[in-house]
Structure formats: C-alpha cells, structure tokens
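Below is one structure; the comments refer to it alone.
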Amino acid sequence: MSPIITPSELKNGSTENLIILDTRVGKDGYQNYLNKHIKGARFIDLDKDLADIGEDAAFGGRHPLPDIEKFAVTLAGLGISEDSQVVIYDDKNGANAGARAWWMLKSFGLTDVQVLDGGFQNAERENLEFSAGEESFKKTEIIKRENWLLPTSTLEDVENELINTSATVIDVRDAYRYNGESEPIDLVAGHIPGAINIPFSENLDENGNFLKPEILKEKYTELLKDKSQHLIVHCGSGVTACHSILALYYAGFPIPDLYVGSWSEWSRRDGKEVAKEIQ
C-alpha cells in the first residue's frame, strides 16, 4: 500500500474501518479543527498525544516519543483498532505533525496508514466533505505493544556513527537553520558536524504535493551517491524528520533511523560541537 493517498482516492474509497486523523498544530490547532475539518476526522494533538514533553529538552529534545503503552491508550480513545484504515492530514503538507503521526502508527505496528497528499488545503481544493464541531465515535480495546518497531537513534548513536563514518546523517531543516544564519525555535543556530542538509521541502512539488515516487527515488539516489546507506534522519525535534522518512519510504527506500531528539537535544547538550556554514 502506498503511504500517500490523494483526496480523490479518499473520496472514492471504502469507508469501512476508515478513521481520519486531523493533526493540525499550534495554539489554534484544536480550534481550527472545531471550526472546520474533513467530515468524520478525529483530532490528535502533537504535544499531548504524539509526544511526552519533558522538563529538559537537552535530554530527549522538544518532542520525545511517549511511552508506547500511553500511545496505545491514545489510539483506543480515538477508536483505532488493528484493522483500521487510518488517513492522516495536517495543513503543512504533512510536515508539522501528519508524517510524525504516520511514523508512530507504523512504528506501533499498524499497516494500513496513509498521509493525505497536499493536506487540508488540497482537500478543500478537491471539494471533500467537511464538518465542524466534535465528532462522536466509539472507543476500542487497547492494543498491546511492548516496543516501537521502526528504527531510532539516540544522540550517542549519532555521535558514534559520525565518528566511525558508518552512517549518513540527514538534517531536513531549512538551509538557513542548518547553515547557522538564524534559528527561529531552538537556542543555537547551526548543525551537527558531519550531517548533510536535504530540506524536507524538496520532497514536494510547487503545489505542495509529494513528488512522484520515481522522481524521489532518482533524487535521493543521486544525493546519497557514494554515501553510507545507513541513514539517520533528524530535524529540530523529531517531527519534520518524519516527512523525509515518509518520502524515502514512498520512493522505495528502506525506512531509515529517526533521531528523535534531533537538533533541539544536540544543541542543548553540554559539550556537543555546533557546526556552521557561515563565518
């Protein structure tokens, strides 16, 4: 199954076992959901449901993964079961929480999980049916899981892999953040020494849709030529990184490691070197 679904495919597909998740973020994310959402969609919160935010981002970053048992309770509360078809959208072309939710559901062991191409805006353009307010639905039994299934890397893993040149570490943030020109979110501008920059925005076309998988395949094959094929992907806090993991998977590559702590952890950890491309 493709990890990407178009609005027309969603509109014309089966509604049996279908669950749509709205993952829009920000202080108005939930209010925006209440104002207007794809009919039947259920809201899931990045900070409360897709992360377990600690007191010190130097250990875990700004969006650490929640315990898998806690996430299982979240999914049951959303009415998600083993045989659910889950379609996820946000309003940033999958980049702010849609792909993170996709990664977590896949890592939880669910198989029928897709991200809506072009997100909320594309759903509007394609005239999907919308509604407002809360949606009513039944909770399901809690699915038992012991571990996340997709590969992750810790700060120490990243450091060791770079020292041994045994992995390619990809930073998907915008180039100006990677270069150290400025930093709008974290405390320090720059990047992990040895990481390469492939901004997640390059996964998209001019309309905000994912590039075709064959184009992504050609693009990443060229960018990663002569580099270690053990890939570790990171961003600011382990959210947008999932966009490029999704793109790589869509293109037919194995799912790479996610460095969940990402720049928000590395840049805050005492003694870690910061590289910049500007003087």
| note | Of the conditions (1) without any contact (Cβ under 8 Å) to a residue 12 or more places away in the chain; (2) assigned to a helix (DSSP H, G or I), the single one that Asn32 does not satisfy is (1)
| If you scan segment 12-29, which residues turn out to be of a type in the set (D, E, K, R), surrounded by 13 or more Cβ atoms within 10 Å (Cβ to Cβ) and either out of contact with any Asp or Glu (no Cβ under 8 Å at 6 or more places or on another chain) or not in a loop (DSSP other than H, G, I, E, B) (or both)? | Asp22
| message | Tell me whether segment 143-160 contains one or more residues that are assigned to a loop (DSSP other than H, G, I, E, B), within 30 Å of Asn12 (Cα to Cα) and among the β-branched types (Val, Ile, Thr). | response | yes
| Of the numbered conditions (1) within 21 Å of Asp83 (Cβ to Cβ); (2) touching a His at 6+ places or on another chain (Cβ under 8 Å), Lys144 satisfies every one except a single condition; which is it? | (2)
| request: Working only within segment 115-147, note down all residues that are buried (at least 22 other Cβ atoms within 10 Å of the Cβ) and in contact with a strand residue (DSSP E or B) (Cβ under 6 Å, 6 or more places away or on another chain). | output: Val115, Leu116, Asp117, Gly119, Phe120, Ala123
| remark: Restricting attention to segment 112-160, the residues that are within 19 Å of Gly98 (Cα to Cα), over 15 Å from the mean Cα position of the chain (by Cα) and small (Gly, Ala, Ser) number exactly 1
| query | Only one of Thr74, Thr23, Thr15 is at pLDDT below 95 and β-branched (Val, Ile, Thr); which? | reply | Thr15
| message | Given the criteria surrounded by 14 or more Cβ atoms within 10 Å (Cβ to Cβ) and either of a type in the set (Asp, Glu) or not assigned by TED's automatic domain parsing to the domain that holds Met104 (or both), does Asp49 qualify? | response | yes
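The values are calculated or read from the model by the stated rules, or taken from the named source; none is laboratory data. In this text, all values refer to a predicted model and were calculated from it rather than measured experimentally. Backbone-built Cβ (ideal geometry, glycine too); neighbour counts: all protein chains shown.
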